[in-house]
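Encoded as structure tokens, the structure appears first; notes follow it.
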Amino acid sequence: MAVQNGFDLHELDEFTRDLVDLAQKQFPKEARQFIQKQGTEGRKRLRANTRAVTKKRTGNLLRGIQRGKATKYNGNYQIRVMNTAPHAHLIEYGHSNVKTRAGSGSQGKIPTGSPIQMVPGAGSPVFVEGDKEIWVPGKHPLDKTASEMGREFPRAAEEFVDDLLRKGLG
């Protein structure tokens, strides 16, 4: 928000940061509750984004989305929103898809004598079938949620400070 409509708002941004710091010191309970609410909102958005990019709905991926507790780190409150499902990283970053010719019970195993083989490389293992690479790209629901929340957090923090000022900051 440095320059807007020809006005330098840099001092106003610093003032807002100072007010947030003051609110954390004078009203730690309210600041912690605000961060908890932001974490809950992040969890809801992560669930919505994950639901939007996945087809199969067993519920395990969505059930693994959790919000941690608000903790202080370097004098500021922080909160974690994470997916503890064991396969969440595969949806986030992508994975190789090994198609087998055997029944569905042997998924993930390369059958003996198959034209599918692993190509060693510097990065992730890549499986090829003949000349065709089999790779499922990542859907990045966590990255999308983090960027959405990063854009909206300053507005929510300003509303939090405004509410504290209305209540009487000191």
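Points worth noting:
- Residue in segment 121-141 that is part of a helix (DSSP H, G or I) and at pLDDT 55 or above present: yes
- The requirement of being surrounded by fewer than 14 Cβ atoms within 10 Å (Cβ to Cβ) and either modelled with pLDDT under 55 or under 23 Å from the mean Cα position of the chain (by Cα) (or both) is not satisfied by ARG166.
- Comparison of ALA156, ALA146 shows that the only residue that is outside any strand (DSSP E or B), at pLDDT 55 or above and open to solvent by less than 50 Å² (accessible area, probe 1.4 Å) is ALA156.
- Count - residues of segment 54-76 that are open to solvent by less than 40 Å² (accessible area, probe 1.4 Å) and touching a residue at least 24 places away in the same chain (Cβ under 8 Å): 5
- The numbered conditions (1) surrounded by 13 or more Cβ atoms within 10 Å (Cβ to Cβ); (2) touching a residue at least 40 places away in the same chain (Cβ under 8 Å); (3) within 20 Å of LEU90 (Cα to Cα) are all true for GLU30 except (3).
The values are calculated or read from the model by the stated rules, or taken from the named source; none is laboratory data. Predicted, not measured: the structure shown is a model, and the values here were computed from it. A quick note on method: Cβ atoms are made from the backbone with ideal geometry, for glycine too, and the neighbour counts reach across all protein chains shown. Accessible surface areas use protein heavy atoms only, side chains included; no ligands, DNA or RNA. Shrake-Rupley method; radii C 1.70, N 1.55, O 1.52, S 1.80 Å.
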